[in-house]
Amino acid sequence: MKMKKMIALFLAFAMAASMAACGSSSTAQTEAAQTEAAEGETQAASGSVDFPKDNVNGIVQWGEGGGTDSLMRPLSTLAQETLGKSIVIQNKTGGTGSIATQYVYDQAADGYNLLMGAENPELYKVLGISELTYDDFDCVFLIGDETTGVVVGKDSKYTSLTEIVDAAKAGENVTLATTGTGGLPWEVAALITSITGAEFKQVQYDSDASAKTAVLGGECDFTICKIQSGIEEYKSGDLKWLCLLATEAVDEMSDVPLVTAEYPDFEKYLPWGPFYGIFVKKGTDAGVEEILSNAFATAFADESYQEVLKSFHINAMGYTGEEAAAYLASWQENMVNALTEAGAIQ
Amino acid sequence: MSVLSYLLVPFTHPLLIVFVAIGCFAGIYIGAIPGLSATMAVSLLVSFTYGWETNSAIALMIGIFIGAVYGGSRSAILLNIPGAPAAVATALDGYPLAQKGEAGRAMGIATTQSVVGTILGVIVLAVGAPLVSQLALKFASVDYLLLGVMGMMMVGSLNCKSIFRGLMAAAIGVLLGTIGMDSMTAIPRFTFGNTYLNAGIDYVVAMIGLFGVSEALVQITQKDIEAVKQKVDKIIPSFDTILKYLPLTIRSSIIGVIVGALPGAGGDIAALLCYDQAKRTVKNPEVPFGEGAVEGIVAPESANNAAIGGAFIPMLTLGIPGDAVTAVMLGALTIHGLQPGPNLMKTSPDLFYLIVSCLFIGSICLVIFGLTGVKIFAKIVEIPRGILLPLIIILSVVGSYAINKNLYDIFWMMAFGVLGYFLKRYEYPVAPCVLGIILTNLLENNYRRGIAINDTVPGLVASIFRSPISIILFAAIVIMFTTQTNTYKTWKAKREAARNA
């Protein structure tokens, strides 16, 4: 009797699995069909660009309320006035943003699906997360990047990055709260390791907010914060900022030294920071890309959006076309070099 | 005195009250449709209210938040599909009540307890926010791990034929919960090279399939039974009833606020924990738990609504979101030029009290909107099954697609429906399966974090005894465990027999 039940259970599993399998193959087919259809359309439209005829989808790599999301929503609200059609924001989270990246890549290269993301895809290939990077996309607009810094809790015994590095080298347990492989603290730790040779014990949290919480609560020794996510704690004294990874001091945090003061070798990686951009699949009509770039540039120049950038402490860039491509290329090269030197990747 | 004037701001700007009311009304329906969530609605509002004045935007968002958390109970009671993860526990006793023709009573109780829960949550937010946030900060990885273990203990509380069956179902859930990219090492697990599986299985998808579709499938295969006539004459619970359950409501609300205030756990965990503690502590329910006990609605509904006030605590005192909705609201505040952080209460105390007062207005709106539509809603259960069941399946498909607009989610949902059908058919409970999927993340990540910090398993265990929070949680687990064993039960029976003699 028991055996029978087990068999039934297995059958249920098999059915479920086959359903999922059949389902996936059929979507692949429809997607392929869509791509073909859309390719026909782009060719027809390339003579005179009539874009957008329909609403545009903005696929955000990160969750609602995250840094990327908060920058993309107001920009899209403003840009749709120029475009004349709505930009419908969707958050497709997971896999360090690779789900959204894959999704946009699987759609037609017609400019109707925008990938709104942060720096992470640049490292997908070297980390083995996905075969895609921003090389498979064209950047229609690069909003800006952020300055980051090393922070410890208010009761921490560490008063400078040098002390942290020395302690780690001396074999002490120095814990770094990270947001996972490929996340910001992990990236910066690799930069620090490549310069100083010190390695830290990395403890991973779900988001930069929870990594910060771990340092505030004393569970971890230090983490890497963006200005935006740590400036209020700086003002209240709940977090101590040890140094900034920047070439210039930040106005509101003038007493925080630059990392180059302690480690001049850092110069070669700077300026460095996580960036935010809007991308379309490679192969999109140049006319369509231009229309999108212009719409976002107009929105970007809007006074109210500049206010948003200021409150998020973003170093505004507003790059499009060649300029954006050059920035991305050098960013990727710098990071891959540093990761190789640090031994984080082979 | 200034506090009072801040609190009264919405009353001098009646438009704010209107916004809270509109939000609350819309929120109930958003919450009731599985797949649509408060997080989704509030983030849509971020774009929508970009040009608005901050207070109005906040008022609308708060209304939606309260409405949606409550709305999840509607579909849980009527269709056995929890509208949101926080309503999973509500379905356990709410749906059996509806099957007995008491959907109206169940919704009435859910409404009043949600309101009381919200108000208690707001009171804690207003009075004890700095205190609770300090407590939340002290929660270390090992404490979250213990919280997860406590949640897992609930498998024993869910009605099932044997504990083995419950554990089997939970194990399936845990296994399914591990699918996807391992967030710590970026290595895909059980994805078979499919990028779309990297994101893992959304537990709302699992919930819709295992609860909703499987129930529809079970009913399809049964001989046609007449739909249950619903009693709708006494839907508003009397004051005595509310008073009778007040101790349970207060207990559940306290757990709700604290768990809600933890950045790493929210209303869904709170509701499950409270259902569990209600089942363990309520001595003689009128009806056994799982068969339509009113206490089984009171506990989770007051807890998940109290968690709203809780979620605002770290958001307003530390600038750290207490859950997904407050994370979106934090972003919205920054877009509107405010600087959320530890100084927020000093720099903009008006905002703090505005939120408190909007939450309070929202709970009043909940009474009105929650109780007025109950009679019509109860009729849903009376719809002939030939019409209702296909509707449930369509709703499930639409809902599971709406979460991430991902076709795979629909396939998963259907697969879960089939799995749930066979589980039910062979008398394996489905609830532990959902529990497993919900808790895997909490358990696994915090276990690995704990190991990363303490190096070894003995180190992790030893770290329990270094913090008072951990010791209390650990003691609670030990008590929960021992009181469940036969040795304890026979000992207790003997002692009672001795006392009576």
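Read-outs throughout are calculated quantities, based only on the coordinates presented, and are distinct from any laboratory measurement. This one's a predicted model, so the numbers in the text were calculated from it and none came from an experiment. Using ideal geometry, Cβ is built from the backbone for each residue, glycine included, and neighbour counts are taken over all protein chains shown.
For this structure, a couple of remarks:
- Computed about its Cα centre, the charge dipole of the stretch B:2-466 is approximately 480 debye, with only Lys, Arg, Asp and Glu carrying charge at their Cβ.
- Greater than 32 Å apart at Cα, pairs in B:LYS138/B:LYS279; A:LYS85/B:LYS346; A:LYS268/B:LYS138: A:LYS85/B:LYS346; A:LYS268/B:LYS138
- Annotation for the stretch B:103-172 versus the stretch B:1-58: alpha-carbon center distance of 26 Å.
- Theoretical gain in end-to-end length, A:ALA249 to A:THR82 [0.36 nm per residue, Cα-Cα removed]: 56.5 nm
- Given chain B, longest segment not containing exposed loop GluC sites (Glu not before Pro) (DSSP; at most 11 other Cβ within 10 Å): B:1-225
- By the count of neighbouring beta-carbon atoms within 10 Å, fewest first, A:CYS225, A:CYS139 end up ordered A:CYS139, A:CYS225.
- Alpha-carbon centroids, the stretch A:243-305 and the stretch B:329-351: separation in whole Å: 25 Å
- Using a Gaussian network model of chain A in which every pair of alpha carbons under 10 angstrom is joined by a spring, one finds that among A:ALA170, A:ALA325, A:ALA108 the greatest mean-square fluctuation is at A:ALA170.
- In the stretch A:100-183, the trypsin sites (Lys or Arg not before Pro) that fall in loop regions by DSSP, at most 15 other Cβ within 10 Å: A:LYS154, A:LYS157
- Calculated FRET value between A:ASP135 and B:LEU135, using beta carbons and R₀ = 41 Å, to 0.05: 0.30
- Whichever aspartates and glutamates have a C-alpha closer than 16 Å to that of B:LYS405, once near sequence neighbours (fewer than 8 apart) are set aside: A:GLU31, A:GLU64, A:ASP106, B:ASP202
- Fraction of antiparallel bridges per DSSP, the protein assembly as shown only, in percent to nearest 5: 65 percent
- Per DSSP, loop trypsin sites (Lys or Arg not before Pro) in the stretch B:259-320 with at most 13 further Cβ within 10 Å: B:LYS283
- The value of relative contact order for the stretch B:2-466, using C-alpha pairs under 8 Å at least six residues apart, is 29 percent.
- Förster radius 51 Å - calculated FRET efficiency between B:ASP233 and B:ARG466, Cβ distance, rounded to 0.05: 0.35
- Most fluctuating residue given options A:GLU199, A:GLU262, A:GLU289, as computed from a GNM of chain A linking Cα atoms under 10 Å: A:GLU262
- Within chain A, percent of DSSP bridges classed antiparallel, to nearest 5: 60 percent
- Nearby lysines by direct alpha-carbon distance to B:LYS375 (threshold 21 angstrom, same-chain neighbours under 8 apart not counted): B:LYS100, B:LYS229, B:LYS231, B:LYS234
- Each of B:LYS405 and B:LEU246 was given a label point 7 Å from its Cα along the Cα-to-Cβ line. The distance between the two points is 4.9 nm.
- The aspartates and glutamates whose alpha-carbon is closer than 12 Å to the alpha-carbon of A:LYS157, local same-chain residues fewer than 8 away aside, are A:ASP221.
- 10 Å Cβ neighbours from other chains, averaged over peptide B:453-463: 1
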